[in-house]
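Please treat every number below as a calculation from the coordinates, not as lab data. Every value quoted in this text rests on a predicted model; they were computed, and no experiment measured them. FYI the Cβ positions are ideal-geometry reconstructions off the backbone, even for glycines, and counts take in every protein chain you see.
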Amino acid sequence: MSDRVLVVIGAGPGVSGSLARLYARHGYAVGLVGKDAQQVPALHSEVAALGSDVRSAIADITDPRAATEAVSGLGAHFGRIDVLHFNPSAFREKDPLELAVDELLADVALGVGALLTAVQAARPYLGEGSRVTVTGSMAADTPWHRAASLGVQKAGVRNLVHSLDATGKPAGIRAVSVTVRGTLGAEGPFTPDRVADALFAAAHQADGEWRTEIPYEG
């Protein structure tokens, strides 16, 4: 059983990779769940090189059964989950007159619904002091019409975070989304590493001053 454990849903390069490495440097064991059979093992190796006890699972997180098995398997291996981070969303460049209902629902299943599956699977391993963090986006407030489903996903997942926090609070389990108000890039204030720093800080808020949504302005 590890002392502190991070589990990342939607693991890969970018913010989720930066966050996994950041937590590893802080002494956390790391669990990775993702669909890409090349990206997940690559990140696994990077995190392991930092000295972390790391385990990974290849799974389609929109498949409730596969995602549940992956998350519960990591929880059983580590014996606990201190931070559950949810990163994924779907980018589909279609405006509301082009976007089909089944496409919208598929995107919401990834960007919102998979969070429900992950939290429900993780719940037996979440205890007092555990945290659920989510990578949010300014698309929740100012959606780009040419990617209409993304705004729906980000508004929906932020709303769900509020409900998760209210539900988990009596057991000491808190949830927070970090609204990234900028475009991710290789340089400047919105690099994956900088966003990961903001997510780490959000997870470590004082409980008495807890906020369920924190804007990151860069």
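Quick look at the values:
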read-out	value
Charge sum, other residues only, whose C-beta stays under 12 Å from Glu217's C-beta, Lys/Arg counted +1 and Asp/Glu -1	+2
Dipole moment magnitude, nearest 20 debye, the chain about Cα centre, only Lys, Arg, Asp, Glu C-beta charged	340 debye
Three-way shape call for the stretch 137-218 based on the alpha-carbon gyration tensor, with the a/c threshold at 1.5	oblate
FRET efficiency for Arg25 and Ala76, using Cβ-Cβ distance with R0 set to 30 Å, rounded to 0.05	0.75
Two-site label geometry, Leu105 and His162: point separation in nm, points 7 Å out along Cα→Cβ	2.6 nm
Alpha-carbon spread of the stretch 1-49, three principal axes, descending order, Å	28, 17, 17
Of the DSSP H helices in the chain, those whose Cα atoms cover at least 27 Å axially and whose Kyte score averages -0.5 or more	148-168
GNM flexibility winner over the chain from Ala20, Ala114, Ala186 (Cα, springs under 10 Å)	Ala186
Rounded Å value of the spacing that divides the Cα centres of the stretch 51-70 and the stretch 1-24	12 Å
Förster radius 45 Å - calculated FRET efficiency between Ala48 and Arg181, Cβ distance, rounded to 0.05	0.85
Spin-label pair Asp193/His145, simplified geometry with 7 Å Cα→Cβ offset, distance in nm	3.9 nm
Neighbour net charge for Ala29 - beta-carbon separation under 12 angstrom, K R +1, D E -1	0
Cα-Cα P(r), the stretch 74-165, percent of pairs per 5 Å interval	3, 14, 24, 20, 14, 11, 7, 5, 2, 0
